[in-house]
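Since the structure comes first, as structure tokens, the remarks are kept for the end.
Throughout, read-outs are computed from the coordinates displayed, never taken from laboratory work. The shown structure was predicted, so the numbers you read here are calculated from the model rather than taken from an experiment. Because the Cβ atoms are built from the backbone with ideal geometry, glycine has one as well, and the counts that use them run over all protein chains shown.
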Amino acid sequence: MKVDQKGHTTIVKDTQGDVNSFIEKVTRDHNSFKSQNLILDITHDKNVTLKDIKLFSELSKTHKKGKKSFVIVADGIDFNAVPTKLIVVPSLQEAKDIIEMEEIERDLGF
């Protein structure tokens, strides 16, 4: 797991390719990320399935209660099948763009 903090956003990258252990680590360390917008990059794991993505639902819900963004970067999945409660994008740049838009929405009171 590699953690990179830039401004108001923390990017956590899975370096092992094991979604289950990655979720455990991020959940365990969540207190250190809870005041930041969070990008979880799981593109290293080429075998990620929609079922794996859905495992992030509870963590996403917890993180969003703090009025912060939670975005997953994944590759090779059907983005149309992802539950609406989760934000999943194919690239790191798109994740940053989503966070920027959500920050603007929060500043405007939406």
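Each of L86, L108 was scored by other Cβ atoms within 10 Å of its Cβ. Arranged with the fewest first, they read L108, L86. Here is the list for region 30-110: trypsin sites (Lys or Arg not before Pro) lying in DSSP coil, each with at most 16 other C-beta atoms within 10 angstrom of its C-beta, are K34, K46, K65, K67, K85.
Bridge orientation summary for the chain: considering DSSP beta bridges with both residues in this region, about 30 percent are antiparallel.
Under 22 Å of direct C-alpha separation, and excluding same-chain neighbours fewer than eight residues apart, K46 reaches these lysines: K2, K13, K25, K54, K96.
The order of D14, D75, D4, D45, going from fewest to most other C-beta atoms within 10 Å of their C-beta, is D4, D75, D45, D14. When the helices of the chain are scored as -39500 (n - 2.57) per DSSP H run of n ≥ 4 and the total is divided over every residue, the value at 222 nm lands at -10500 deg cm²/dmol. Structural descriptor for region 1-73: relative contact order 33 percent, calculated from alpha carbon pairs under 8 angstrom and at least 6 residues apart.
A value for volume of the Cα convex hull per residue in Å³ was derived from the coordinates, and within the list (i) 111; (ii) 86; (iii) 94 it appears as (iii).
Angle of helix 19-28 to the longest C-alpha principal axis of the chain, folded into 0 to 90 degrees and rounded to 10: 40°.
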